[in-house]
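Down below is the structure, laid out as structure tokens.
Every number here is computed from the coordinates shown, using simple stated rules; none is lab data. In this text the structure is predicted, and so the values were computed from the model without any measurement. In this analysis, Cβ positions are derived from the backbone assuming ideal geometry, glycine residues included, and neighbour counts consider all displayed protein chains.
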Amino acid sequence: MSLSTESSIRLVTAIPGPRSLELQKQREQIVPRGVASVLPVFIERASGATLEDIDGNRFLDFTGGIGCQNAGHCVPEVVTAIEEQADEFLHTCFMVTPYEGYLRLAEHLNSRTPGNFPKKTFFLNSGAEAVENAIKIARNYTQRQAVIAFDDAFHGRTQLALSLTGKSHPYKTGFGPFAPEIYRMPFAYCYRCSYNLTHPGCDVECAKQLEMTFKRRVDAGAVAALIFEPVLGEGGFVTPPAEWFAVIADICRKHGIVIIADEIQTGFCRTGPLFASTRFGLEPDIILTGKSIAGGLPLAAVTGRAEIMDSPPPGGLGGTYGGNPVSCAAALEMFQAVDRLNLPARAECIGQLFESITRNWGHRFPIIGDIRGLGAMRAIELVKDRATKEPAPEEAKQVLAACHQRGLLIISAGTFGNVIRMLVPLIATDSQIEEGLRILEEALASVS
Ligand SMILES: Cc1ncc(COP(=O)(O)O)c(C=O)c1O
């Protein structure tokens, strides 16, 4: 496996440096504050698992543009594919004149997503668009309207996707009204079980409560789809017990409800296999991909059972830029990169390294409430008090700031903003992972 050898953080100025500071001042005048940035450093170049800013500071990147750089920044073959496609043509609109790259990519997704049944795929620009389209298709196919979504879910910021998202501040507050016919239930958040039960004694009561939702909130016969993230992304890397998926899937199948797996953050080997659903033996009716699919270019996909996907009539689906030829060319190379770099195995290794390094952190740092995740999708939940589990968002901010000042770029997650999440590019070397975790350890020590 060829791995990036760049590991060194280089801080030449205080963070942010003078040039970034100047642009940051301009940005405040030009860009609305609603579009927030974690760190006010302006980036000049990126490679592998490192970012370099315009002041010459180099950061170790544990965010990958929020899960978009699973194969690393600027994979050379992806960059070449982009250049070659840009030389041929940039855009015709697939809805006007198609091109072969779109087909080849759809073919990859049809064959490599879980489920050995005929599938079809089409492309959009963003994860939120993929979510919206999946709901449209499920509604059209079932001729039902209701959708089940989960607490702590994140499905995007456009209006229907936002309505499905389960976190008020800052995503939903003041942005209503929200789309109707969305019914919510607690996710399998074992650390904060909504039913005050403990796994495995609970017998995944949270999954069985789906039947109760049909009694109390919406009739099963009115439900078009259930949408879920196999591991919550923005919600804090909450990982359900394996049997949760089987119970949810059985209930959905019994009632003819379309199962939509939002793998926009969990996909492309973040949890190990190409798709997290595979880990749980789940074959969703529709699976959504985005983020890392095109190595950093805007692209998202909806892949599903052929008979469901073919329900909307010609013209019922699409979008001007959906499946742009340059993004398709990049994504085709991304599939090659996944195999060439053996990203599933690398994600497992990173997960094991994370586990071995953080093994005794729970004993050392009382602020840590839970350490969890799957493959290379790992997180640490911080609490003020282990007995009450009171979230510690301020302390999480301090930990992040301490990391940033030491050159480690890392972000938070969770409904309470108290989860530190790792989305490191999977091509990061062992020494980069060790370096990043050593910085995180120092940062935790500084607030404990
Ligand atoms: C699970 C999940 N679904 C949907 C989205 C929305 O994707 P986008 O920001 O590309 O619209 C995200 C983005 O973070 C996500 O993590």
Between N360, N125, N418, which gets the highest mean-square fluctuation from a Gaussian network model of the chain, Cα cutoff 10 Å?
N360
Could you work out the relative contact order of region 135-184, using alpha carbon pairs under 8 angstrom and six or more residues apart, expressed as a whole percent?
38
Using a Gaussian network model of the chain whose springs link C-alpha atoms within less than 10 Å, name the residue from V31, V79, V302 with the highest mean-square fluctuation.
V31
Once Lys and Arg get +1 and Asp and Glu get -1 on their Cβ, which of A130, I380, P425 lies farthest toward the positive end of the dipole of the chain?
I380
Pairs of Cα atoms under 8 Å, at least six residues apart: use those to get the relative contact order of region 1-131, whole percent.
18
Give me the net charge of D310's neighbourhood, meaning all other residues with Cβ under 15 Å from the Cβ of D310; Lys, Arg count +1, Asp, Glu -1.
+3
Sort 59-66, 191-198 by packing, meaning the average of other beta carbons within 10 Å per residue, with the highest value first.
59-66, 191-198
Less than 13 Å Cβ to Cβ from A188, Lys/Arg counted +1 and Asp/Glu -1: what total charge do the surrounding residues give?
-3
As a quick test, which of the pairs K167/K291; K119/K254; K167/K215; K254/K291; K172/K208 have an alpha carbon distance above 23 angstrom in this structure?
K167/K215; K254/K291; K172/K208
If you count the DSSP beta bridges with both ends in the chain, what percent of them are antiparallel, to the nearest 5?
65
Considering the chain as a Gaussian network with a 10 Å cut-off on Cα pairs, which listed residue, C93, C328, C202, attains the greatest mean-square fluctuation?
C202
Consider just the alpha-carbon atoms of the chain and return their Rg together with their Dmax, both in angstrom.
21.5, 62
